[in-house]
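Q: What follows is a single structure, and I will ask about it in a moment.
The values are calculated or read from the model by the stated rules, or taken from the named source; none is laboratory data. What you see is a predicted model, and the numbers here were worked out from it, not measured in a lab. We place every Cβ from the backbone using ideal geometry, glycine too, and count neighbours over all the protein chains shown. Heads up: the accessible areas ignore ligands, DNA and RNA and are worked out on the full protein's heavy atoms, side chains in. Shrake-Rupley method; radii C 1.70, N 1.55, O 1.52, S 1.80 Å.
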Amino acid sequence: MKTLTPKQVLEKQNKDLRIRFENQQVKTELSIRAYEDELKGLRAQVHDKDAIIAMLQKEIAALTKELGEAKDLRAETMQARIDAAAMAAVAGATAPLLTELEKAHMEIARLKAIVNKDSTNSSKPPGQNGFKRHSKNSREKSGRKIGGQPGHPGHRLELPENIDELVEKGIATKRVIDHTDGASEYISRFVIDIEVITTITEHRFAVDAQLPKGLYNEVSYGDGIKAMSVLLLNEGIIAELRLSEILAGLTRGTVTISPATLESFLSQFARKLESSGELEAITDDLLNGEVMHTDDTPLRCVETVDYLDNGEVVIRTAEGKSFDATVRTYSNEMSTLYTVNPKKDKAGVDRDNVLPRYLGTLSHDHESKFYNYGKAHATCGEHLLRDLKGLRDLEKIAWADGMRAHVAGMNNHKNKDLEDNKTECDATLLAGFERKYDELIECGRAELGQMQKGEFGYDEFRKMLNRLTDFKDCYLLFMRDYKVPFTNNLSERDLRAEKTKQKVSLSFRSWAGISNHAKIRSFVSTMKKRKADLFAAIAQVFNGEPVLRVP
């Protein structure tokens, strides 16, 4: 083997090193390229991962948002559930309370309706208005100013047209006071006055003469003072003690009549009215009339009567109180008859023996007992209007206003016809009025059907509809026959003096006293309606002269 020189060895080593270096460099380059390819791949993967991350981040943000919304929705749902559960619990707990509260409101409304009933919105008389100081007037406004209307002639004090006749009859005296000193031309001014002069008449008879019945006593009262006393006690409604004092003052103490004597005047006059046939004449006029009005009212009396089955009448006296007595009136435009009974029942009407004999039209305030008499019935329209007003204002039934307007409209039409001298309603218009009446009833039935039984106002509404249905002929008779009145106010006016009498006297002391009062008021009211001289008529009765009866 050839031995290499050191130089050759070095050269060979250098060559080997160079080759190894070059191989290593190539290898390194290959590795770098491989790493670069791998890095490129990794970078591509990173880029892809970045896109995925961005996508995931976007999805995460969306999911986060949805999660937040879901949490809010869940919270709201939970709160809503909680609220619903709380409301259900509260509703369940308060339902009985609300039911009781509704009942309480209905009861309060019912009681208020009862308390607020008065003579303007129900059939209650004015005397039962209680402590209400002022009740609204039920009259509809006319739109005219208060006071005298344009064209009204006015009134002034004038001399009686028949002054000479009055002087001739001794009813008046006429004196002349001359301030002219005898002048032939003058102007006159008149003064009307009265003078109260006590007249004492002496009647002389032979010692053995038969004395007239009215002159048995040495001194007695004349018919004039009796007539004046009866007039002032009944028409003036002056208390007996006060009248005694007034007469004493007017006569300067010449005439001093005790209350007991004044009471005896009333008894005498009542007996004369009955025995002379004056009351019978009033009754005959009422029975012969086409329309009769009737009504009644309570008065107080210390005594009452019991009518026993055997026909006996027993008088009872109250102890520490007074009894109710019923004063009833039968009346027309010309006559009035008052009766008195212990009760407001049909037995009293039969006992009066007026309506059982009556064959005409009876006007009254829808009292059941009166429907048993007469051939036809005119039920008071004014009472109906007041009841409809109460149904509207107190029970809050709006339907009542329409029916009220219709009834009032029919009455207005009738009044206009009467002003135009028409004696009956046009047949076509009357049919229209009745058809409208029926339509309103049907509308009321429909409205009632929408209400619940027991609901506030239900019973009152139902009763009103039944009343207007069952008594339609009675409520429409005033339109079918113009001679029949719309209201029963004539009877109510005739009873007002009775209530005033009670306010003055509080109560009658005896059954005889209240009975005498009814008889006297019958005559006084009848004479007023006939525009007669009350004082003269009363004096005629005391003197035994016929006034209303046929002699």
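Q: Among the residues of segment 241-250, is any modelled with pLDDT of 85 or more and over 49 Å from the mean Cα position of the chain (by Cα)? Don't jump to the end; show me each part of the working.
A: Of segment 241-250, the ones modelled with pLDDT of 85 or more are 241-250.
Retained after the next criterion (residues that are over 49 Å from the mean Cα position of the chain (by Cα)): none.
No: zero hits.
Q: Looking only at segment 102-115, decide whether some residue is open to solvent by 60 Å² or more (accessible area, probe 1.4 Å), assigned to a loop (DSSP other than H, G, I, E, B), under 25 Å from Gly381 (Cα atoms) and at pLDDT below 75.
A: Scanning segment 102-115, I find no residue that is open to solvent by 60 Å² or more (accessible area, probe 1.4 Å), assigned to a loop (DSSP other than H, G, I, E, B), under 25 Å from Gly381 (Cα atoms) and at pLDDT below 75, so the answer is no.
Q: Would you confirm whether or not segment 528-538 contains a residue that is in contact with a Phe, Trp or Tyr (Cβ under 9 Å, 6 or more places away or on another chain) and under 17 Å from Glu263 (Cα atoms)?
A: Yes: one or more hits.
Q: If you don't mind, there's one more thing I want to ask. Going by the structure shown, is Leu490 crowded, with 17+ Cβ neighbours inside 10 Å and modelled with pLDDT of 95 or more? Break it down into steps so the answer makes sense when it comes.
A: On the way: crowded, with 17+ Cβ neighbours inside 10 Å: yes; modelled with pLDDT of 95 or more: no.
No, not satisfied.
Q: Is there a residue being touching a helix residue (DSSP H, G or I) at 6+ places or on another chain (Cβ under 6 Å), closer than 27 Å to Met292 by Cα, open to solvent by 10 Å² or more (accessible area, probe 1.4 Å) and modelled with pLDDT of 95 or more anywhere in segment 433-447?
A: Yes, segment 433-447 has at least one match.
Q: Now for a different question. Conditions: (1) open to solvent by less than 100 Å² (accessible area, probe 1.4 Å); (2) under 30 Å from Thr256 (Cα atoms). Ile200 meets all but one. Number of the miss?
A: Of the numbered conditions (1) open to solvent by less than 100 Å² (accessible area, probe 1.4 Å); (2) under 30 Å from Thr256 (Cα atoms), the odd one out for Ile200 is (1).
Q: Another one. If I ask for residues that are open to solvent by 100 Å² or more (accessible area, probe 1.4 Å) and of a type in the set (A, V, I, L, M, F, W, C), which ones from segment 3-16 would you list?
A: Leu10
Q: Among the strands (runs of 3 or more DSSP E) confined wholly to segment 324-421, which include 3 or more residues that are at pLDDT below 95 and open to solvent by less than 20 Å² (accessible area, probe 1.4 Å)? If you could, list the steps in order and put the result at the bottom.
A: Details: elements: 336-341, 361-364, 376-379.
Where strands (runs of 3 or more DSSP E) fall fully within segment 324-421, none carries at least 3 residues being at pLDDT below 95 and open to solvent by less than 20 Å² (accessible area, probe 1.4 Å).
Q: Going by the conditions given, is Lys483 open to solvent by 40 Å² or more (accessible area, probe 1.4 Å), more than 27 Å from Glu263 (Cβ to Cβ) and more than 24 Å from the chain's Cα centre (by Cα)? Explain how you work it out, then say what you get.
A: On the way: open to solvent by 40 Å² or more (accessible area, probe 1.4 Å): yes; more than 27 Å from Glu263 (Cβ to Cβ): yes; more than 24 Å from the chain's Cα centre (by Cα): yes.
Criteria met by Lys483.
Q: I would also like to ask the following. Going through segment 280-294 one residue at a time, which ones are of a type in the set (D, E, K, R) and either in contact (Cβ under 8 Å) with a residue 40 or more places away in the chain or in contact with a helix residue (DSSP H, G or I) (Cβ under 7 Å, 6 or more places away or on another chain) (or both)? If you could, list the steps in order and put the result at the bottom.
A: Step one: of segment 280-294, the residues of a type in the set (D, E, K, R) are 280, 284-285, 290.
Residues satisfying the conditions are Glu280, Asp285, Glu290.
Q: So, in segment 295-323, exactly how many residues are of a type in the set (A, V, I, L, M), in contact with a helix residue (DSSP H, G or I) (Cβ under 9 Å, 6 or more places away or on another chain) and open to solvent by less than 80 Å² (accessible area, probe 1.4 Å)?
A: Kept after step one, since they are of a type in the set (A, V, I, L, M), are these residues of segment 295-323: 299, 302, 305, 308, 313-315, 318.
With in contact with a helix residue (DSSP H, G or I) (Cβ under 9 Å, 6 or more places away or on another chain) added as a condition, the list becomes 299, 302, 305, 315.
Add one more test, that the residue is open to solvent by less than 80 Å² (accessible area, probe 1.4 Å), and what stays is 299, 302, 305.
So the count comes out to 3.
Q: With respect to the numbered conditions (1) in contact (Cβ under 8 Å) with a residue 24 or more places away in the chain; (2) more than 25 Å from Asp223 (Cα to Cα); (3) assigned to a helix (DSSP H, G or I), which one is the sole condition not fulfilled by Lys503?
A: (1)
Q: If you check Ile187 against the conditions, is it out of contact with any Phe, Trp or Tyr (no Cβ under 8 Å at 6 or more places or on another chain), among the β-branched types (Val, Ile, Thr), closer than 30 Å to Lys519 by Cβ and open to solvent by 100 Å² or more (accessible area, probe 1.4 Å)?
A: Values: out of contact with any Phe, Trp or Tyr (no Cβ under 8 Å at 6 or more places or on another chain): yes; among the β-branched types (Val, Ile, Thr): yes; closer than 30 Å to Lys519 by Cβ: no; open to solvent by 100 Å² or more (accessible area, probe 1.4 Å): yes.
Considered against the rule, which asks whether it is out of contact with any Phe, Trp or Tyr (no Cβ under 8 Å at 6 or more places or on another chain), among the β-branched types (Val, Ile, Thr), closer than 30 Å to Lys519 by Cβ and open to solvent by 100 Å² or more (accessible area, probe 1.4 Å), Ile187 comes out as no.
Q: What pairs can you find where one residue is in segment 250-279 and open to solvent by less than 70 Å² (accessible area, probe 1.4 Å), the other is among the acidic types (Asp, Glu), and their Cβ atoms are less than 6 Å apart, with a gap of 6+ or different chains?
A: Pairs that qualify, where the first residue is open to solvent by less than 70 Å² (accessible area, probe 1.4 Å) and the partner is among the acidic types (Asp, Glu), are Pro259/Glu240; Leu262/Glu240.
Q: Take Lys529 and tell me if it is under 31 Å from the mean Cα position of the chain (by Cα), surrounded by fewer than 18 Cβ atoms within 10 Å (Cβ to Cβ) and among the basic types (Lys, Arg). Walk me through how you get there before you give the answer.
A: Numbers: under 31 Å from the mean Cα position of the chain (by Cα): yes; surrounded by fewer than 18 Cβ atoms within 10 Å (Cβ to Cβ): yes; among the basic types (Lys, Arg): yes.
Yes, satisfied.
Q: Since Ser507 meets every condition but one in (1) out of contact with any Asp or Glu (no Cβ under 7 Å at 6 or more places or on another chain); (2) open to solvent by less than 20 Å² (accessible area, probe 1.4 Å), which condition does it not meet?
A: Every condition holds for Ser507 apart from (2).
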